[in-house]
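Below: the structure, in C-alpha coordinates.
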Amino acid sequence: MAKHPTFTCQSCGAVYNRWRGKCEACGGWNTIVEEVSSAGPLAGPAATRPSRGRGRTFALESLAGESKDAPRTRSGNAEFDRVLGGGIVPGSVILIGGDPGIGKSTLLIQVAARLANAGHRVAYISGEEAIPQVRLRAARLGLAAAPVELAAETCVEDIVATLSQGPAPRLAIIDSIQTMWTDTVESAPGTVSQVRGSAGALIRFAKTHGTALVLVGHVTKDGQIAGPRVVEHMVDCVASFEGDNGHHFRILRAAKNRFGPTDEIGVFEMTDGGLAEVPNPSELFLAGRDLATPGTAVFAGMEGTRPLLVEIQALVAPSSLGTPRRAVVGWDPARLSMVLAVLEAHAGVRLGGHDVYLNVAGGLRVTEPAADLAAAAALVSSLTGSPLPSESVFFGEIGLSGAVRPVTQIPSRIKESVKLGFSAAFGPNPTGESGERHPNAVPLAHVADLVARIASGEDRRPTRRAASR
Ligand code: TYD
Ligand code: MG
(Lines give C-alpha, C1' and ligand atoms only; values in the text may rest on other atoms or scores of the structure.)
(Ligands and ions follow the chains in the order given, each with its own letter.)
Protein backbone atom coordinates (compact mmCIF):
# COMPACT_ATOMS: atom_id res chain seq x y z
CA MET A 1 0.00 0.00 0.00
CA ALA A 2 1.28 3.47 -0.81
CA LYS A 3 2.73 5.50 2.04
CA HIS A 4 1.39 9.02 2.28
CA PRO A 5 3.50 11.44 4.26
CA THR A 6 1.10 13.92 5.77
CA PHE A 7 1.72 16.91 7.96
CA THR A 8 -0.60 17.08 10.92
CA CYS A 9 -1.07 19.88 13.44
CA GLN A 10 -0.49 18.34 16.87
CA SER A 11 -2.81 20.72 18.62
CA CYS A 12 -5.90 20.75 16.41
CA GLY A 13 -5.45 17.82 14.02
CA ALA A 14 -5.56 19.81 10.76
CA VAL A 15 -3.83 17.95 7.92
CA TYR A 16 -1.59 19.57 5.27
CA ASN A 17 0.33 18.08 2.33
CA ARG A 18 3.51 20.04 3.06
CA TRP A 19 5.22 21.37 6.14
CA ARG A 20 4.54 24.91 7.25
CA GLY A 21 5.46 26.93 10.31
CA LYS A 22 1.98 28.05 11.27
CA CYS A 23 -1.22 26.04 11.38
CA GLU A 24 -3.88 27.99 9.55
CA ALA A 25 -6.70 26.18 11.31
CA CYS A 26 -5.75 26.94 14.92
CA GLY A 27 -3.03 29.56 14.51
CA GLY A 28 -0.46 27.50 16.43
CA TRP A 29 3.22 27.97 15.58
CA ASN A 30 5.55 25.00 15.07
CA THR A 31 2.81 22.48 15.80
CA ILE A 32 2.92 20.71 12.43
CA VAL A 33 4.72 17.37 12.36
CA GLU A 34 5.28 14.89 9.54
CA GLU A 35 3.40 11.65 10.04
CA VAL A 36 3.56 8.61 7.80
CA SER A 37 0.58 6.34 7.70
CA SER A 38 0.07 3.45 5.34
CA ALA A 39 -3.52 4.32 4.65
CA GLY A 40 -3.81 8.05 5.11
CA PRO A 41 -4.68 9.92 8.24
CA LEU A 42 -8.33 8.93 8.38
CA ALA A 43 -7.78 5.21 8.06
CA GLY A 44 -10.79 3.26 9.25
CA PRO A 45 -11.73 -0.37 8.76
CA ALA A 46 -12.59 0.30 5.13
CA ALA A 47 -9.05 1.38 4.42
CA THR A 48 -7.47 -1.83 5.67
CA ARG A 49 -9.71 -4.37 3.97
CA PRO A 50 -11.40 -4.43 0.57
CA SER A 51 -14.66 -2.55 0.37
CA ARG A 52 -17.71 -4.82 0.50
CA GLY A 53 -20.34 -2.13 0.67
CA ARG A 54 -20.96 -1.32 -3.01
CA GLY A 55 -24.55 -1.34 -4.09
CA ARG A 56 -25.89 -3.39 -1.19
CA THR A 57 -29.34 -2.23 -0.07
CA PHE A 58 -30.50 -2.02 3.52
CA ALA A 59 -33.79 -1.34 5.24
CA LEU A 60 -34.49 2.26 6.29
CA GLU A 61 -36.11 2.66 9.70
CA SER A 62 -38.59 5.10 11.20
CA LEU A 63 -37.79 7.28 14.18
CA ALA A 64 -40.68 5.88 16.20
CA GLY A 65 -39.53 2.28 16.04
CA GLU A 66 -39.03 0.07 19.08
CA SER A 67 -35.50 -0.14 20.31
CA LYS A 68 -34.21 -1.93 23.32
CA ASP A 69 -33.24 0.72 25.84
CA ALA A 70 -30.15 -0.70 27.43
CA PRO A 71 -30.29 -0.35 31.19
CA ARG A 72 -27.66 1.88 32.73
CA THR A 73 -25.22 0.40 35.17
CA ARG A 74 -24.84 2.42 38.32
CA SER A 75 -21.21 2.56 39.29
CA GLY A 76 -22.07 3.11 42.94
CA ASN A 77 -20.23 6.43 42.87
CA ALA A 78 -23.18 8.83 42.94
CA GLU A 79 -21.25 11.91 41.78
CA PHE A 80 -19.72 10.01 38.82
CA ASP A 81 -23.11 8.57 37.84
CA ARG A 82 -24.74 12.01 38.09
CA VAL A 83 -22.35 13.49 35.51
CA LEU A 84 -22.99 10.62 33.09
CA GLY A 85 -26.73 11.20 33.35
CA GLY A 86 -27.61 8.48 35.85
CA GLY A 87 -25.14 5.66 35.28
CA ILE A 88 -22.94 4.03 32.69
CA VAL A 89 -24.62 3.24 29.35
CA PRO A 90 -23.39 -0.07 27.83
CA GLY A 91 -21.30 0.50 24.71
CA SER A 92 -20.84 4.19 25.44
CA VAL A 93 -17.46 5.86 25.21
CA ILE A 94 -16.47 8.48 27.75
CA LEU A 95 -13.45 10.74 27.39
CA ILE A 96 -12.18 12.20 30.67
CA GLY A 97 -9.70 15.02 30.26
CA GLY A 98 -7.76 16.93 32.86
CA ASP A 99 -4.39 18.26 33.90
CA PRO A 100 -1.76 15.76 35.01
CA GLY A 101 -1.97 14.95 38.72
CA ILE A 102 -5.54 16.16 39.15
CA GLY A 103 -6.77 12.68 40.16
CA LYS A 104 -8.09 10.98 37.02
CA SER A 105 -6.39 7.66 37.69
CA THR A 106 -7.48 7.78 41.33
CA LEU A 107 -11.12 8.41 40.44
CA LEU A 108 -11.18 5.69 37.79
CA ILE A 109 -9.54 3.01 39.91
CA GLN A 110 -12.16 3.79 42.58
CA VAL A 111 -15.01 3.49 40.06
CA ALA A 112 -13.47 0.28 38.64
CA ALA A 113 -13.18 -1.27 42.09
CA ARG A 114 -16.79 -0.40 42.98
CA LEU A 115 -18.13 -2.01 39.80
CA ALA A 116 -15.88 -5.06 40.13
CA ASN A 117 -16.98 -5.53 43.74
CA ALA A 118 -20.58 -5.46 42.51
CA GLY A 119 -19.81 -8.49 40.32
CA HIS A 120 -19.15 -6.88 36.92
CA ARG A 121 -16.14 -7.63 34.72
CA VAL A 122 -13.93 -4.54 34.71
CA ALA A 123 -10.61 -4.07 32.93
CA TYR A 124 -8.14 -1.32 33.79
CA ILE A 125 -5.42 -0.87 31.15
CA SER A 126 -2.64 1.44 32.23
CA GLY A 127 -0.31 2.76 29.57
CA GLU A 128 1.46 5.13 31.91
CA GLU A 129 2.12 3.25 35.08
CA ALA A 130 3.57 -0.20 35.69
CA ILE A 131 1.42 -2.80 37.43
CA PRO A 132 3.19 -2.43 40.80
CA GLN A 133 2.47 1.31 40.77
CA VAL A 134 -1.23 0.77 40.11
CA ARG A 135 -1.29 -1.92 42.82
CA LEU A 136 0.40 0.40 45.27
CA ARG A 137 -2.24 3.07 44.69
CA ALA A 138 -5.04 0.52 45.01
CA ALA A 139 -3.53 -0.72 48.27
CA ARG A 140 -3.32 2.84 49.61
CA LEU A 141 -6.97 3.34 48.73
CA GLY A 142 -7.91 0.06 50.43
CA LEU A 143 -9.11 -1.42 47.13
CA ALA A 144 -6.53 -4.17 46.64
CA ALA A 145 -9.10 -6.92 47.12
CA ALA A 146 -11.39 -5.74 44.30
CA PRO A 147 -11.42 -8.19 41.34
CA VAL A 148 -10.38 -5.60 38.72
CA GLU A 149 -8.51 -7.09 35.74
CA LEU A 150 -5.31 -5.11 35.41
CA ALA A 151 -2.79 -4.77 32.59
CA ALA A 152 0.02 -2.41 31.64
CA GLU A 153 -0.25 -2.44 27.84
CA THR A 154 -0.09 0.11 25.05
CA CYS A 155 -0.74 -1.85 21.83
CA VAL A 156 -4.38 -1.42 20.86
CA GLU A 157 -4.53 -4.60 18.75
CA ASP A 158 -3.27 -6.68 21.71
CA ILE A 159 -5.69 -4.99 24.09
CA VAL A 160 -8.67 -5.58 21.80
CA ALA A 161 -7.68 -9.24 21.27
CA THR A 162 -7.29 -9.80 25.02
CA LEU A 163 -10.55 -8.11 26.01
CA SER A 164 -12.44 -10.04 23.31
CA GLN A 165 -11.77 -13.28 25.15
CA GLY A 166 -14.42 -14.41 27.63
CA PRO A 167 -17.51 -12.39 28.49
CA ALA A 168 -17.40 -8.77 27.33
CA PRO A 169 -16.24 -6.47 30.14
CA ARG A 170 -18.89 -4.14 31.53
CA LEU A 171 -16.31 -1.35 31.74
CA ALA A 172 -12.85 -0.93 30.23
CA ILE A 173 -10.62 1.94 31.29
CA ILE A 174 -7.75 3.12 29.08
CA ASP A 175 -5.30 5.30 31.02
CA SER A 176 -4.35 7.21 28.89
CA ILE A 177 -5.26 7.42 25.20
CA GLN A 178 -2.05 9.33 24.43
CA THR A 179 0.09 6.33 25.35
CA MET A 180 -1.75 3.91 23.03
CA TRP A 181 -0.50 2.98 19.59
CA THR A 182 -1.92 0.98 16.72
CA ASP A 183 -0.21 -1.02 13.97
CA THR A 184 -2.14 0.72 11.22
CA VAL A 185 -0.48 4.08 11.83
CA GLU A 186 3.27 4.52 11.68
CA SER A 187 3.75 7.73 13.64
CA ALA A 188 4.89 7.88 17.25
CA PRO A 189 2.44 7.33 20.13
CA GLY A 190 0.89 10.59 21.24
CA THR A 191 0.69 12.10 17.75
CA VAL A 192 -2.69 13.07 16.40
CA SER A 193 -2.96 10.19 13.93
CA GLN A 194 -1.97 7.62 16.58
CA VAL A 195 -4.46 9.00 19.10
CA ARG A 196 -7.18 9.05 16.47
CA GLY A 197 -6.34 5.60 15.11
CA SER A 198 -6.11 4.01 18.57
CA ALA A 199 -9.31 5.64 19.76
CA GLY A 200 -11.09 4.46 16.60
CA ALA A 201 -10.08 0.84 17.14
CA LEU A 202 -11.02 0.89 20.84
CA ILE A 203 -14.35 2.57 20.11
CA ARG A 204 -15.19 -0.09 17.49
CA PHE A 205 -14.50 -2.74 20.12
CA ALA A 206 -16.73 -0.97 22.66
CA LYS A 207 -19.64 -0.56 20.21
CA THR A 208 -19.56 -4.15 18.99
CA HIS A 209 -19.19 -5.75 22.44
CA GLY A 210 -21.42 -3.40 24.46
CA THR A 211 -18.52 -2.55 26.75
CA ALA A 212 -18.51 0.93 28.23
CA LEU A 213 -15.15 2.50 27.56
CA VAL A 214 -13.45 5.28 29.50
CA LEU A 215 -10.56 7.01 27.77
CA VAL A 216 -8.31 9.21 29.87
CA GLY A 217 -6.79 12.18 28.05
CA HIS A 218 -4.15 14.61 29.20
CA VAL A 219 -4.62 18.21 28.32
CA THR A 220 -1.29 19.81 27.60
CA LYS A 221 -0.73 23.34 26.39
CA ASP A 222 2.72 22.99 24.86
CA GLY A 223 1.56 21.00 21.83
CA GLN A 224 4.06 18.18 22.40
CA ILE A 225 1.40 15.57 23.03
CA ALA A 226 -1.76 15.68 20.97
CA GLY A 227 -4.61 16.98 23.04
CA PRO A 228 -7.64 14.71 23.26
CA ARG A 229 -9.65 17.30 21.33
CA VAL A 230 -9.20 15.32 18.13
CA VAL A 231 -11.26 12.44 19.54
CA GLU A 232 -13.99 14.58 21.06
CA HIS A 233 -16.31 14.10 18.11
CA MET A 234 -15.80 10.31 18.14
CA VAL A 235 -16.97 9.72 21.72
CA ASP A 236 -20.39 9.88 23.37
CA CYS A 237 -19.43 11.85 26.43
CA VAL A 238 -16.63 14.32 27.12
CA ALA A 239 -16.01 15.19 30.74
CA SER A 240 -13.30 17.28 32.28
CA PHE A 241 -11.86 16.80 35.71
CA GLU A 242 -11.02 20.18 37.19
CA GLY A 243 -9.54 21.63 40.33
CA ASP A 244 -6.29 23.11 41.42
CA ASN A 245 -3.58 22.01 43.74
CA GLY A 246 -4.34 24.79 46.21
CA HIS A 247 -7.75 23.34 46.99
CA HIS A 248 -8.89 19.88 47.92
CA PHE A 249 -12.06 19.65 45.94
CA ARG A 250 -12.29 18.42 42.36
CA ILE A 251 -15.16 18.87 39.89
CA LEU A 252 -16.15 16.48 37.14
CA ARG A 253 -18.02 18.41 34.47
CA ALA A 254 -19.60 17.06 31.29
CA ALA A 255 -18.97 19.14 28.17
CA LYS A 256 -20.79 16.79 25.79
CA ASN A 257 -23.12 13.94 26.63
CA ARG A 258 -25.22 11.98 24.15
CA PHE A 259 -27.01 10.20 27.01
CA GLY A 260 -27.74 12.96 29.48
CA PRO A 261 -27.56 16.65 30.34
CA THR A 262 -24.28 18.55 30.19
CA ASP A 263 -24.89 20.94 33.03
CA GLU A 264 -24.47 18.48 35.90
CA ILE A 265 -21.30 18.49 37.95
CA GLY A 266 -19.84 15.89 40.28
CA VAL A 267 -18.03 17.24 43.32
CA PHE A 268 -15.25 15.30 45.03
CA GLU A 269 -12.81 16.03 47.79
CA MET A 270 -9.24 14.71 47.57
CA THR A 271 -8.42 13.04 50.87
CA ASP A 272 -5.75 10.63 52.13
CA GLY A 273 -8.12 7.83 51.23
CA GLY A 274 -8.71 8.96 47.64
CA LEU A 275 -11.58 11.00 46.20
CA ALA A 276 -14.53 11.29 48.54
CA GLU A 277 -17.96 12.16 47.14
CA VAL A 278 -19.38 15.48 48.30
CA PRO A 279 -23.16 15.10 48.34
CA ASN A 280 -23.76 18.61 49.71
CA PRO A 281 -21.24 20.95 48.07
CA SER A 282 -22.80 24.16 49.47
CA GLU A 283 -21.60 23.26 52.96
CA LEU A 284 -18.09 22.69 51.60
CA PHE A 285 -17.95 26.01 49.78
CA LEU A 286 -19.41 28.04 52.65
CA ALA A 287 -17.14 26.51 55.30
CA GLY A 288 -14.88 29.04 56.99
CA ARG A 289 -16.96 32.01 55.90
CA ASP A 290 -16.21 35.29 57.63
CA LEU A 291 -19.62 36.71 58.44
CA ALA A 292 -18.88 40.26 59.55
CA THR A 293 -16.52 41.45 56.80
CA PRO A 294 -17.67 43.92 54.18
CA GLY A 295 -17.31 42.75 50.60
CA THR A 296 -18.63 39.20 50.85
CA ALA A 297 -21.96 38.02 49.47
CA VAL A 298 -23.42 34.52 49.27
CA PHE A 299 -24.58 33.63 45.78
CA ALA A 300 -27.40 31.10 45.44
CA GLY A 301 -26.28 29.42 42.22
CA MET A 302 -27.28 26.33 40.28
CA GLU A 303 -25.08 23.67 38.73
CA GLY A 304 -27.37 21.60 36.56
CA THR A 305 -30.25 20.49 38.75
CA ARG A 306 -28.34 21.03 41.95
CA PRO A 307 -28.32 24.29 43.89
CA LEU A 308 -24.90 25.44 45.03
CA LEU A 309 -24.26 28.29 47.45
CA VAL A 310 -20.88 29.98 47.11
CA GLU A 311 -19.32 33.07 48.61
CA ILE A 312 -18.35 35.91 46.27
CA GLN A 313 -15.69 38.22 47.68
CA ALA A 314 -14.88 41.71 46.46
CA LEU A 315 -12.19 44.17 47.42
CA VAL A 316 -12.56 47.76 46.26
CA ALA A 317 -9.66 50.06 47.17
CA PRO A 318 -8.58 53.53 45.99
CA SER A 319 -6.12 53.15 43.13
CA SER A 320 -2.78 54.85 42.73
CA LEU A 321 -2.62 53.85 39.08
CA GLY A 322 -3.79 55.82 36.06
CA THR A 323 -5.75 52.80 34.88
CA PRO A 324 -7.17 51.04 37.93
CA ARG A 325 -6.69 47.29 38.21
CA ARG A 326 -9.53 44.86 37.68
CA ALA A 327 -8.68 41.30 38.65
CA VAL A 328 -11.14 38.40 38.72
CA VAL A 329 -10.71 34.81 39.89
CA GLY A 330 -13.49 32.33 39.15
CA TRP A 331 -15.76 34.64 37.19
CA ASP A 332 -15.94 36.19 33.74
CA PRO A 333 -13.90 39.47 33.60
CA ALA A 334 -16.24 40.79 30.89
CA ARG A 335 -19.24 40.40 33.21
CA LEU A 336 -17.37 42.21 35.98
CA SER A 337 -16.73 45.14 33.62
CA MET A 338 -20.41 45.13 32.71
CA VAL A 339 -21.60 45.11 36.32
CA LEU A 340 -19.16 47.93 37.16
CA ALA A 341 -20.42 49.99 34.23
CA VAL A 342 -24.07 49.44 35.19
CA LEU A 343 -23.38 50.32 38.83
CA GLU A 344 -21.67 53.51 37.71
CA ALA A 345 -24.23 54.54 35.09
CA HIS A 346 -27.50 53.57 36.79
CA ALA A 347 -26.80 53.53 40.52
CA GLY A 348 -24.30 56.37 40.89
CA VAL A 349 -21.63 54.11 42.36
CA ARG A 350 -18.31 55.64 41.34
CA LEU A 351 -15.65 52.97 40.97
CA GLY A 352 -13.55 54.63 38.26
CA GLY A 353 -10.76 55.56 40.67
CA HIS A 354 -10.69 52.25 42.51
CA ASP A 355 -8.89 48.96 42.02
CA VAL A 356 -11.42 46.12 41.98
CA TYR A 357 -10.67 42.52 42.89
CA LEU A 358 -13.32 39.81 42.73
CA ASN A 359 -12.90 36.23 43.89
CA VAL A 360 -15.17 33.22 44.05
CA ALA A 361 -14.24 31.54 47.33
CA GLY A 362 -12.98 27.98 47.33
CA GLY A 363 -11.59 28.11 43.80
CA LEU A 364 -14.90 27.40 42.07
CA ARG A 365 -15.68 28.82 38.62
CA VAL A 366 -19.08 30.46 38.32
CA THR A 367 -20.48 30.87 34.80
CA GLU A 368 -24.12 31.77 35.48
CA PRO A 369 -25.31 35.32 34.71
CA ALA A 370 -27.39 34.98 37.89
CA ALA A 371 -24.24 35.79 39.86
CA ASP A 372 -24.43 39.45 38.74
CA LEU A 373 -26.49 40.57 41.74
CA ALA A 374 -24.23 38.82 44.27
CA ALA A 375 -21.15 40.35 42.64
CA ALA A 376 -22.76 43.80 42.68
CA ALA A 377 -23.72 43.39 46.35
CA ALA A 378 -20.16 42.36 47.28
CA LEU A 379 -18.71 45.29 45.33
CA VAL A 380 -21.02 47.88 46.90
CA SER A 381 -20.49 46.39 50.35
CA SER A 382 -16.72 46.62 49.99
CA LEU A 383 -16.87 50.16 48.64
CA THR A 384 -19.14 51.42 51.41
CA GLY A 385 -17.49 49.35 54.13
CA SER A 386 -20.84 48.07 55.33
CA PRO A 387 -21.14 44.30 55.74
CA LEU A 388 -24.12 42.70 54.04
CA PRO A 389 -26.76 41.11 56.25
CA SER A 390 -25.00 37.86 57.12
CA GLU A 391 -27.95 35.53 56.70
CA SER A 392 -28.86 36.54 53.14
CA VAL A 393 -28.30 35.07 49.72
CA PHE A 394 -28.26 36.96 46.41
CA PHE A 395 -29.16 35.92 42.88
CA GLY A 396 -30.32 37.70 39.73
CA GLU A 397 -29.05 38.81 36.38
CA ILE A 398 -28.40 42.53 35.90
CA GLY A 399 -29.40 44.00 32.55
CA LEU A 400 -27.60 46.90 30.90
CA SER A 401 -30.47 49.15 31.99
CA GLY A 402 -29.82 48.23 35.61
CA ALA A 403 -32.96 46.09 35.83
CA VAL A 404 -32.69 42.93 37.93
CA ARG A 405 -33.83 40.21 35.57
CA PRO A 406 -35.45 36.89 36.45
CA VAL A 407 -33.32 33.75 36.52
CA THR A 408 -34.17 30.06 36.25
CA GLN A 409 -35.01 27.66 39.07
CA ILE A 410 -35.74 30.24 41.75
CA PRO A 411 -37.60 27.72 43.98
CA SER A 412 -34.55 25.40 44.12
CA ARG A 413 -32.24 28.27 44.99
CA ILE A 414 -34.56 29.43 47.76
CA LYS A 415 -35.09 25.91 49.11
CA GLU A 416 -31.34 25.34 49.40
CA SER A 417 -30.79 28.66 51.17
CA VAL A 418 -33.58 27.92 53.66
CA LYS A 419 -32.07 24.47 54.25
CA LEU A 420 -28.73 26.03 55.10
CA GLY A 421 -30.26 28.53 57.49
CA PHE A 422 -30.34 31.72 55.41
CA SER A 423 -33.21 33.93 56.45
CA ALA A 424 -33.40 36.32 53.47
CA ALA A 425 -33.06 36.03 49.71
CA PHE A 426 -32.37 39.11 47.57
CA GLY A 427 -33.50 38.39 44.04
CA PRO A 428 -35.57 39.49 41.07
CA ASN A 429 -39.28 40.14 41.40
CA PRO A 430 -40.82 36.68 41.46
CA THR A 431 -42.66 35.88 38.25
CA GLY A 432 -46.08 34.24 38.26
CA GLU A 433 -45.25 30.54 38.17
CA SER A 434 -42.49 30.48 40.79
CA GLY A 435 -44.89 29.50 43.51
CA GLU A 436 -42.46 29.04 46.38
CA ARG A 437 -41.55 32.27 48.13
CA HIS A 438 -38.80 32.69 50.65
CA PRO A 439 -40.26 33.62 54.03
CA ASN A 440 -38.11 36.76 53.83
CA ALA A 441 -37.76 37.24 50.07
CA VAL A 442 -36.50 40.71 49.20
CA PRO A 443 -37.59 41.41 45.63
CA LEU A 444 -35.44 43.98 43.81
CA ALA A 445 -36.51 45.56 40.55
CA HIS A 446 -33.42 47.65 39.88
CA VAL A 447 -29.78 47.55 40.91
CA ALA A 448 -30.23 51.02 42.45
CA ASP A 449 -32.65 49.44 44.97
CA LEU A 450 -29.85 47.11 46.05
CA VAL A 451 -27.36 49.97 46.42
CA ALA A 452 -29.86 52.09 48.37
CA ARG A 453 -30.63 49.19 50.65
CA ILE A 454 -26.98 48.43 51.42
CA ALA A 455 -25.99 52.07 51.84
CA SER A 456 -29.02 53.09 53.92
CA GLY A 457 -28.21 50.48 56.54
CA GLU A 458 -31.73 49.19 56.56
CA ASP A 459 -30.28 45.85 57.61
CA ARG A 460 -27.13 47.02 59.39
CA ARG A 461 -25.55 50.31 60.44
CA PRO A 462 -23.21 51.31 57.60
CA THR A 463 -20.01 53.33 57.74
CA ARG A 464 -20.61 55.30 54.62
CA ARG A 465 -17.54 56.10 52.55
CA ALA A 466 -18.68 56.58 49.02
CA ALA A 467 -21.36 58.27 47.04
CA SER A 468 -24.45 56.36 46.13
CA ARG A 469 -27.84 57.41 45.03
P1 TYD B 1 -3.62 10.76 39.92
O2 TYD B 1 -4.90 10.01 40.02
O3 TYD B 1 -2.38 9.97 39.71
O4 TYD B 1 -3.71 11.91 38.83
P5 TYD B 1 -3.82 11.80 37.24
O6 TYD B 1 -4.12 10.40 36.88
O7 TYD B 1 -4.93 12.78 36.91
O8 TYD B 1 -2.51 12.29 36.70
O9 TYD B 1 -3.54 11.63 41.25
C10 TYD B 1 -2.34 12.07 41.68
C11 TYD B 1 -2.49 13.06 42.82
O12 TYD B 1 -3.49 12.73 43.74
C13 TYD B 1 -1.20 13.08 43.56
O14 TYD B 1 -0.68 14.40 43.51
C15 TYD B 1 -1.52 12.66 44.94
C16 TYD B 1 -3.00 12.79 45.07
N17 TYD B 1 -3.61 11.73 45.87
C18 TYD B 1 -4.13 12.03 47.12
O19 TYD B 1 -4.07 13.15 47.60
N20 TYD B 1 -4.72 11.02 47.85
C21 TYD B 1 -4.80 9.75 47.39
O22 TYD B 1 -5.35 8.87 48.09
C23 TYD B 1 -4.25 9.46 46.10
C24 TYD B 1 -4.31 8.07 45.53
C25 TYD B 1 -3.68 10.47 45.37
MG1 MG C 1 -2.89 9.11 35.83
Rounded to 5, the percent of DSSP beta bridges in the chain classed as antiparallel: 55
At Ala130 and Arg289, where each label point lies 7 Å from the Cα along Cα→Cβ, what is the point-to-point distance in nanometres? 5.0
First check a/c for the range 314-403, with a ≥ b ≥ c the square roots of the eigenvalues of its C-alpha gyration tensor; if it is under 1.5, answer rounded, and if not, answer prolate when a/b is larger than b/c or oblate otherwise. rounded
Dipole in debye (nearest 20) - the chain, about Cα centre, beta carbon charges: Lys, Arg +1; Asp, Glu -1: 520
Tell me the relative contact order for the range 78-279 as a rounded percent, counting alpha carbon contacts under 8 Å between residues six or more apart. 30
Quick check: the angle from helix 410-419's long axis to the longest principal axis of the chain, C-alpha only, nearest 10 degrees? 80
Net charge near Pro307 (other residues with Cβ under 10 Å of its Cβ; Lys, Arg +1; Asp, Glu -1) is +2
With angles folded into 0 to 90 degrees, how steeply does helix 447-456 sit against the dominant principal axis of the chain? Use alpha carbons for both and round to 10. 50
Trypsin sites (Lys or Arg not before Pro), restricted to the range 123-227: which are DSSP loop and have at most 12 other Cβ atoms within 10 Å? Lys221
Rounding to the nearest 10 and keeping the result within 0 to 90°, find how far the Cα-based axis of helix 104-117 lies from the longest principal axis of the chain. 70
Using a basic spin-label model with each label point 7 Å from the Cα along Cα→Cβ, how many nm lie between Val329 and Cys155? 4.9
Cysteines, the chain, no other Cys beta-carbon under 4.7 Å: Cys155, Cys237
What are the ³J(HN,Hα) values, in whole Hz, obtained from phi via the Karplus relation 6.51 cos²θ - 1.76 cosθ + 1.60 with θ = phi - 60°, for each residue of the range 77-92 in sequence order, with x given for Gly and Pro? 9, 4, 5, 5, 4, 4, 5, 7, x, x, x, 8, 8, x, x, 8
With every protein chain left in place, what is the accessible area per residue of the chain in square angstrom, probe 1.4 Å? 46
Would you mind calculating the gained length between Trp19 and Asn117 on full extension (0.36 nm times residue separation, minus the Cα-Cα distance), in nm to one decimal? 30.2 nm
How much mean residue ellipticity at 222 nm does the chain get from its helices, if each DSSP H run of length 4 or more adds -39500 (n - 2.57) and you divide by all residues, to the nearest 500 deg cm²/dmol? -7500 deg cm²/dmol
Among all stretches of the chain without exposed chymotrypsin sites (Phe, Trp or Tyr not before Pro) (DSSP loop, at most 12 other Cβ atoms within 10 Å), which one is longest? 59-469
How many nm is it between the label spots at Ala139 and Ala317, if each spot is 7 Å from the Cα in line with the beta carbon? 5.1
Three principal axis extents, largest first, for the C-alpha atoms of the chain, in Å? 80, 53, 52
Trypsin sites (Lys or Arg not before Pro) lying in DSSP loop within the range 255-341, provided at most 16 other Cβ fall within 10 Å: Arg258, Arg289, Arg325
Checked the range 87-213 against the a/c 1.5 cut and the a/b vs b/c comparison, axes a ≥ b ≥ c from its Cα gyration tensor; verdict oblate
Report, to the nearest whole %, how much of the accessible area of the chain belongs to carbon and sulfur atoms, 1.4 Å probe, protein only. 54
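The values are calculated or read from the model by the stated rules, or taken from the named source; none is laboratory data. Note that the structure is predicted; figures quoted are calculated from it, not measured. Glycine gets a Cβ as well: all are built from the backbone with ideal geometry, and neighbour counts include every protein chain shown. Just so you know, the surface numbers come from the protein's heavy atoms only, side chains and all, with ligands and any DNA or RNA stripped out. Shrake-Rupley method; radii C 1.70, N 1.55, O 1.52, S 1.80 Å.
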